[in-house]
1. So for the chain, taking the charge dipole from beta-carbon charges (+1 Lys/Arg, -1 Asp/Glu), which of 111, 81, 220 sits furthest toward the positive end?
2. Taking trypsin sites (Lys or Arg not before Pro) that fall in a DSSP loop and have at most 16 other Cβ atoms within 10 Å as cut points, what is the longest piece of the chain between them?
3. Would you mind getting me the FRET efficiency between residue 86 and residue 158? Use the beta-carbon distance for r and R0 = 30 Å, nearest 0.05.
4. So which of 59/179; 59/132; 18/218; 60/218 end up more than 24 Å apart by C-alpha?
5. So what is the calculated 222 nm ellipticity per residue for the chain, using -39500 (n - 2.57) for each DSSP H run with n of 4 or more, over all residues, to the nearest 500 deg cm²/dmol?
6. What size of dipole, in debye to the nearest 20, comes out for the range 8-141 about its Cα centre when the only charges are +1 on Lys and Arg C-beta atoms and -1 on Asp and Glu C-beta atoms?
7. Using a simple spin-label model with points 7 Å from Cα along the Cα→Cβ vector, what separation in nm is obtained for residue 4 and residue 60?
8. Longest exposed-loop-site-free stretch of the chain, with GluC sites (Glu not before Pro), DSSP loop and at most 10 other Cβ within 10 Å?
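The values are calculated or read from the model by the stated rules, or taken from the named source; none is laboratory data. As the structure is a computational prediction, the values presented were derived from the model and not from experiment. Here Cβ is always computed from backbone atoms with ideal geometry, including for glycine, and neighbour counts include all displayed protein chains. Quick note on the areas: whole protein, heavy atoms, side chains included, nothing else; ligands and nucleic acids left out. Shrake-Rupley method; radii C 1.70, N 1.55, O 1.52, S 1.80 Å.
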Amino acid sequence: MKCKITRWHYPAEEFILKDEELHLWRFSLDCSEDALVALQSLLTHDEVLRGERLLDSQKKIQFIVARARLRQILSHYQNVSPSQIKFQYNHYGKPAVAESQGSLVSFNLSHSGQCGVLAVVNRIAVGIDIEKIEDDLDFIQLVDRYFDLREQRQFHQYSPQKERRGFYRLWTQKEAVLKLIGEGLLTRPSTVENKINDLHLRSFSVAPGYVCSVATEKIYTSVLRFHLPEDINP
């Protein structure tokens, strides 16, 4: 069955996440100082402290914005205010909506540069990764160090003109799988190899100069792609 993929569009005031759907959200990490203060007010004390521990001021802002936007988006599915969303974490720090909130929603968040993305599904695990394409990145070194034999074979199928974007496509797919599993780059290659055969991988166009990939545990029949309006405030 062919998967139906919508254009990027603004969401309706009310919508439903069906079991066979994948919802993708994109949002900007840019915001004014006043908006930043308002967004930070949605975070818990622990989240604020996590942001404060980031020494790079730009990364601190990006963390605050991404975390607050995550809360705003999930509030549409939970029917609670953004500040009332509760999270629980696995051993590796991967967040999920707390069981106490009785949610069927699974999600995964990623951001790079000035762009954030969120994948939302029902009942199954999901992983998403977005990367800004860097023209000066020595990606060949990363291929040799981190790609398994399957990934290296796929990479070498790209022409020289498409190698850089091809690398980012494979890299984001790898990261999406690792984030679905809930671990990280130190995960044993055999674990990823065994898992990847049971997963559905797809790459999406999010914005010029970015590559994004999503991993899910089953094939979905529809992908709904949403903009989060930049003027949404708490």
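1. In the chain, that residue is 220.
2. Values: sites that count: 2, 7, 18, 53, 86, 123, 218.
With a cap of 16 other Cβ atoms within 10 Å, the longest stretch comes to 124-217.
3. On the way: r = 43 Å, r/R0 = 1.44.
The pair residue 86/residue 158 has a calculated efficiency of 0.10.
4. Details: 59/179 20 Å; 59/132 15 Å; 18/218 14 Å; 60/218 34 Å.
As for pairs spanning more than 24 Å Cα to Cα, those are 60/218.
5. Values: 7 runs with 80 residues, N = 234.
Helix contribution divided over all residues of the chain: -10500 deg cm²/dmol.
6. Values: 13 positive and 19 negative charges, 99 e Å.
Here the size comes out at about 480 debye.
7. Result: 4.7 nm between the two label points.
8. Working: sites that count: 13, 14.
The longest such stretch corresponds to 15-234.
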